[in-house]
Amino acid sequence: MLKATLSIGILFAVSVTVGGRGACRQENPEIADSCPTVAVSCLDNVDENSELRAYASVGGPGDKLKFHWTVTWPRGVRKGRIKSGQHTPSLVVSVPRHARGSVTVTVRVSGWDPACPNKSSCSTMIGRN
């Protein structure tokens, strides 16, 4: 996993590079060269009873992109909810009180060649405030 620091105001984020279906492999460089990229950034840590924000960035062509977000919570932890941003490039998730562990946010982008990779994720540790 590739980690990089991104500063937007007071946001320090972790960027995770493209994941997905892997159809843009080396064996067909013409497709790979034309594939857009998607990356997700989120904080390394958030407190319980707070908000987690995630951002998707897309490099390459795509006029009518659709964003579908999913959030994976640790087993046995009370799940938060998506407060806002479903179907947009930014997401806000409520983190419940007493939540602990690592939460993973994944975006799947549609609106470009389905042969190209279209998913990216980031993970955030939840701790006590």
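Laboratory data are not the source of any read-out in this text; all were calculated from the coordinates shown. As the structure is a computational prediction, the values presented were derived from the model and not from experiment.
The table below lists the values:
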read-out	value
Relative compactness, the stretch 39-129, computed as alpha-carbon Rg over 2.2 N^0.38 Å	1.12
Amide H partners (placed H, <5 Å) of Asp47, local residues excluded	Gly127
